[in-house]
Amino acid sequence: MGCTTWPVLKTGWATGPGRSGYDSSCRFNEVVRRGLAIIAAAIAGLLSVAAARADGDPASDMLPVQNTSTPFPPPAGAQALAASVEKVFESGHRVKVAVIATRRDLGSIPSLFGKANAYAHFLGTELGAFYAGPLLIVMPSGFGIYDGRRSTAPEAAVLAKLKVNGSSASALIGSATTAVDALASAGALNSPDILPPNSYPQQSTVSAGKPARLIFHILEDSEHSSAVVTIYAGTKVLGVLHAPMQFADYNTPRFVTWSVPNNVPRKGLKYCVVATDSSGNRQQPPACGPITVAH
């Protein structure tokens, strides 16, 4: 009945809080086997950003769990870019941005430097299990745009009127911010959300007769999701709890509060999460995490 998953590193399973195993029946793990991975250690603090940049395509590690990827260390203007992108999400639209200043920013694929549209297609395909929406690439040579094999004519028309300032990494960041603002103002980011959320329950310890928080993370490319949490003892349903539709950032844990019965069974407990985004895309199958009863 569902599976328990946790985002992974390209080098293996993350050991962050909430990891509780591997279930080959899970759609997310099928994605893992196809090599589409994300860097949960950036959240759990297992690796520094600098270490991630030694891996083979830094932006593909960063963008599943954040919306901008910039050269390291972040140049001046990186926060302004992030703020512009956040305004896009707040308006109900989406865009992710990768700023590539040098070949080093492409990790093990430097051959795509100077080929912004080719890299946009490459990166968009890598992110496809977690994000299907406008993806903007900014290189000194120009802009690239990709949207999961959907038409990017509206975005391309806006970008064609802009020029990239590639004189420095900070200048590139400024060009990216200008481009995001222009795309938003032109209404060119109206891309339908087609991917369901993924949820990641943490292992939970509860006490009989006391309220307990059941904590989980949600990875959703629109950053808005609700969730239904079902608590089981074996196959018996002990309770169903609801988390309302609200902002869903993977870095920010969500939780529901369960009033644990005094006679709660001490074995076979788990809770399963089904997340649904604001477009009605529903997670299948559920993701489940174990519950331990404290002695």
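The values are calculated or read from the model by the stated rules, or taken from the named source; none is laboratory data. Keep in mind the model is a prediction, meaning the values are calculated, not measured. Because the Cβ atoms are built from the backbone with ideal geometry, glycine has one as well, and the counts that use them run over all protein chains shown.
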Checklist (1) among the aromatic types (Phe, Trp, Tyr); (2) under 25 Å from the mean Cα position of the chain (by Cα); (3) outside any loop (DSSP other than H, G, I, E, B) applied to TRP258, failing item: (2)
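Inspect the stretch 234-244 for any residue being in a loop (DSSP other than H, G, I, E, B), within 20 Å of ASN67 (Cβ to Cβ) and touching a residue at least 40 places away in the same chain (Cβ under 8 Å) and give the result as yes or no. Explain how you work it out, then say what you get.
Start the filter on the stretch 234-244 by keeping residues that are in a loop (DSSP other than H, G, I, E, B), which leaves 234-235.
Now drop any that are not within 20 Å of ASN67 (Cβ to Cβ), which leaves none.
Scanning the stretch 234-244, I find no residue that is in a loop (DSSP other than H, G, I, E, B), within 20 Å of ASN67 (Cβ to Cβ) and touching a residue at least 40 places away in the same chain (Cβ under 8 Å), so the answer is no.
Of everything in the stretch 282-295, what is more than 18 Å from VAL237 (Cα to Cα) and either assigned to a loop (DSSP other than H, G, I, E, B) or of a type in the set (Phe, Trp, Tyr) (or both)? Give them in sequence order.
Of the residues in the stretch 282-295, the ones more than 18 Å from VAL237 (Cα to Cα) are 282-284, 294-295.
If the condition is that a residue be more than 18 Å from VAL237 (Cα to Cα) and either assigned to a loop (DSSP other than H, G, I, E, B) or of a type in the set (Phe, Trp, Tyr) (or both), then GLN283, GLN284, ALA294, HIS295 are the ones that fit.
Before we move on, is SER259 outside the structural domain of LYS161 (by TED's automatic domain parsing) and under 21 Å from PRO64 (Cβ atoms)?
Working: outside the structural domain of LYS161 (by TED's automatic domain parsing): yes; under 21 Å from PRO64 (Cβ atoms): no.
Against the criterion (outside the structural domain of LYS161 (by TED's automatic domain parsing) and under 21 Å from PRO64 (Cβ atoms)), SER259 does not qualify.
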Index of the failed condition, ALA171 passing every other in (1) more than 21 Å from GLU86 (Cβ to Cβ); (2) not in a helix (DSSP H, G or I): (2)
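Could we say that ILE218 is of a type outside the set (S, T, N, Q), closer than 30 Å to LYS161 by Cβ and under 15 Å from the mean Cα position of the chain (by Cα) here? Reasoning before the result, please.
On the way: of a type outside the set (S, T, N, Q): yes; closer than 30 Å to LYS161 by Cβ: no; under 15 Å from the mean Cα position of the chain (by Cα): yes.
Judged against the criteria, ILE218 is not a match.
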Test: residue in the stretch 246-255 that is closer than 20 Å to LYS210 by Cβ, outside any loop (DSSP other than H, G, I, E, B) and out of contact with any Gly (no Cβ under 9 Å at 6 or more places or on another chain): yes
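Criterion first (at pLDDT 95 or above, polar (S, T, N, Q), in the same structural domain as GLN203 (by TED's automatic domain parsing) and farther than 30 Å from LEU63 by Cα) does SER225 satisfy it? If you could, list the steps in order and put the result at the bottom.
Numbers: at pLDDT 95 or above: yes; polar (S, T, N, Q): yes; in the same structural domain as GLN203 (by TED's automatic domain parsing): yes; farther than 30 Å from LEU63 by Cα: no.
When the stated conditions are applied, SER225 does not pass them.
Can you find a residue that is part of a loop (DSSP other than H, G, I, E, B), touching a strand residue (DSSP E or B) at 6+ places or on another chain (Cβ under 7 Å) and surrounded by fewer than 16 Cβ atoms within 10 Å (Cβ to Cβ) anywhere in the stretch 271-281? Working first, answer last.
Of the stretch 271-281, the ones part of a loop (DSSP other than H, G, I, E, B) are 278-281.
This time we only want the ones that are touching a strand residue (DSSP E or B) at 6+ places or on another chain (Cβ under 7 Å), so: 278.
With surrounded by fewer than 16 Cβ atoms within 10 Å (Cβ to Cβ) added as a condition, the list becomes none.
The answer is no, given that none of the residues of the stretch 271-281 is part of a loop (DSSP other than H, G, I, E, B), touching a strand residue (DSSP E or B) at 6+ places or on another chain (Cβ under 7 Å) and surrounded by fewer than 16 Cβ atoms within 10 Å (Cβ to Cβ).
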Any chance ALA132 is at pLDDT below 95, touching a Leu at 6+ places or on another chain (Cβ under 8 Å), of a type in the set (A, V, I, L, M) and within 14 Å of LYS96 (Cα to Cα): yes
Residues that are surrounded by fewer than 21 Cβ atoms within 10 Å (Cβ to Cβ), touching a helix residue (DSSP H, G or I) at 6+ places or on another chain (Cβ under 8 Å) and small (Gly, Ala, Ser), drawn from the stretch 176-207: ALA182, ALA184, ALA186, GLY187
Filtered residue count, the stretch 192-220, keeping only those that are of a type in the set (Val, Ile, Thr), part of a strand (DSSP E or B) and more than 15 Å from VAL256 (Cβ to Cβ): 1
Test: residue in the stretch 135-147 that is out of contact with any Lys or Arg (no Cβ under 7 Å at 6 or more places or on another chain), assigned to a helix (DSSP H, G or I) and modelled with pLDDT of 95 or more: no
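Conditions tested, residue by residue: (1) surrounded by 24 or more Cβ atoms within 10 Å (Cβ to Cβ); (2) in the same structural domain as ALA171 (by TED's automatic domain parsing); (3) of a type in the set (Asp, Glu); (4) at negative phi.
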position	(1), (2), (3), (4)
SER60	yes, yes, no, yes
GLN66	no, yes, no, yes
PRO74	no, yes, no, yes
GLN79	no, yes, no, yes
SER84	no, yes, no, yes
PHE89	no, yes, no, yes
GLY92	no, yes, no, no
VAL97	yes, yes, no, yes
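Tell me the residue from LEU214, LEU106, LEU112 that is outside the structural domain of ASP277 (by TED's automatic domain parsing), more than 17 Å from VAL95 (Cβ to Cβ), buried (at least 20 other Cβ atoms within 10 Å of the Cβ) and touching a residue at least 40 places away in the same chain (Cβ under 8 Å), please. Walk me through it before giving the result.
Numbers: LEU214 fails: outside the structural domain of ASP277 (by TED's automatic domain parsing); LEU112 fails: touching a residue at least 40 places away in the same chain (Cβ under 8 Å).
Within the list LEU214, LEU106, LEU112, the selection yields LEU106.
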